[in-house]
Amino acid sequence: MSERHRTPYADVLEIMGWTPLVRLNRVTDGARTPVYGKCEFMNPGGSVKDRIGPAMIEALEASGELKPGGTVVEGTSGNTGIALAMAAAIKGYRCIFTMPDKMSSEKVKLLRAFGAEVIITPTAVPPDHPDNYVMKAKSIAKKTPGAVLANQFYSAANPAAHERSTGPELWEQSAGRITHFFAGAGTGGTITGTGRYLKSRNAEVQICGVDPEGSMIAPFFNTGEAVEGHPYKVEGLGNDKIPDTLDLDVVDEYVTVSDGDSFRMARRLTREEGLFVGGSSGLIVQAAVRKAQELDDPDAFVVAVLCDWGEHYLTKAFDDDWMRENGFLERPRRRTVADLLA
Ligand code: PMP
């Protein structure tokens, strides 16, 4: 049994981080390279973003921008909002979040459950459009007395939280043997902070970015050109511009994965490994498994971030009708016991 949790904690914020590293055994399809999942979905708010919520709030308190009784505003794909709302609940701040309309209804409901106000904005607008979720959050923060923008795409507290926690955890959990780290970038906080720490311990560790097809980050990394992307269904990853919090200098390679492959891998992780995770985890694992097969090296040590919990997507990746409507399920509908009884 792990030494963790043997003694009580002062509050829920203390249990964030030190997530388990679990070997993936079946989705690797026989590759001899060990692949491990970093179980960020086991954070109390159900995602990797739990690490940055309290850190960003503390930075705003320290700079004097956020005062007692104040309001935290943020544009979020959901998970940062959940992390901020959790910290805000404990510290007594009000929360207002803007969210693009493609995000799952589960995440909207979760944010409201924590007492946050949620404003839904259109997904298909350019990054500088006033209705864009980040632009909208900015204008709300400006207009609301006592409000401050958490600003995850610019806050140095975001990558710093990963440099301080995720990186050292992986180094210790792998006993310094980690050779490849796979993550995606929404803000880039995870890959930048973790990558910086791992490179500081061993410059040979390969930091591998994974992008949904349609995002502009991977094409920009690989060609230097800022192409216009197209909408995609995976949530929380990819971007239509390079965020301030993403340092591409720490990244060694950037690959893309399709929506269909991402969601099908999320389902395989759940059904074959018992790891109930969302589409962005599927996307990252898909690329990590590809690399594991290419390497076929028992001495390598590949880590993929399992970003968030599958329950956020029960109406999407885990709903066969939604998968079929979007062309992500290749097999015809399986006959169920209910069909036989009908
Ligand atoms: N996956 C999911 C589901 C997310 O919500 C996020 C963050 N928006 C990420 C991955 C990417 O993390 P980061 O912002 O640290 O790049």
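Please treat every number below as a calculation from the coordinates, not as lab data. For clarity, every value in this text was computed on a predicted model and none was experimentally measured. Neighbour counts run over all protein chains shown; Cβ positions are idealised from the backbone, glycine included.
A Cβ-based charge dipole, computed about the Cα centre of segment 136-242 with Lys and Arg at +1 and Asp and Glu at -1, lands at about 500 debye. I want to make sure I understand the PRE zone here: with the label point 7 angstrom from the Cα of N326 toward its beta carbon, which residues in segment 190-229 have backbone N atoms less than 20 Å away? Label zone hits: 210-218, 229.
Of the residues W322, G37, Y9, the one whose Cα sits farthest toward the positive end of the charge dipole of the chain, with +1 on the Cβ of Lys and Arg and -1 on the Cβ of Asp and Glu, is Y9. Once Lys and Arg get +1 and Asp and Glu get -1 on their Cβ, which of Q293, A266, L248 lies farthest toward the positive end of the dipole of segment 186-308? So the residue furthest toward the plus end is A266. Work out, in µm²/s and without decimals, the Stokes-Einstein translational diffusion coefficient of the chain at 4 °C, 1.567 mPa s, Rh from Kirkwood over C-alpha pairs. D, rounded to a whole number, is 63 µm²/s. Extending 7 Å from Cα along the Cβ direction at D296 and again at A175 yields two label points whose distance is 2.7 nm. For I242, I90, the sequence from fewest to most other C-beta atoms within 10 Å is I90, I242. Assuming charge only on the beta carbon of Lys and Arg (+1) and of Asp and Glu (-1), the dipole of the chain about its Cα centre is about 820 debye to the nearest 20.
Summing -39500 (n - 2.57) over the DSSP H runs of n ≥ 4 in the chain and dividing by its residue number, what mean residue ellipticity at 222 nm do you reach, to the nearest 500 deg cm²/dmol?
Numbers: 12 runs with 122 residues, N = 342.
That comes out to -10500 deg cm²/dmol.
For segment 2-128, a simple Cβ point-charge model (Lys and Arg +1, Asp and Glu -1, everything else neutral) yields a dipole of about 460 debye relative to the Cα centre. Taking 21 Å as the straight-line reach from the Cα of K67, the lysines in range (excluding those fewer than 8 positions away in the same chain) are K91, K138, K142, K143.
Determine, for each peptide in 15-24, 290-299, 201-210, the mean count of other beta carbons within 10 angstrom over its residues, then list the peptides with the highest first. If you can, show how the numbers build up before the last one.
On the way: 15-24: 17.2, 290-299: 15.0, 201-210: 19.0.
The packing order, highest mean first, is 201-210, 15-24, 290-299.
The Cα-based radius of gyration of segment 222-335, divided by its Kirkwood radius, gives an Rg/Rh of 0.99. Each label was represented as a point 7 Å from its Cα along the Cα-to-Cβ direction; for R32 and A203 these points are 3.0 nm apart.
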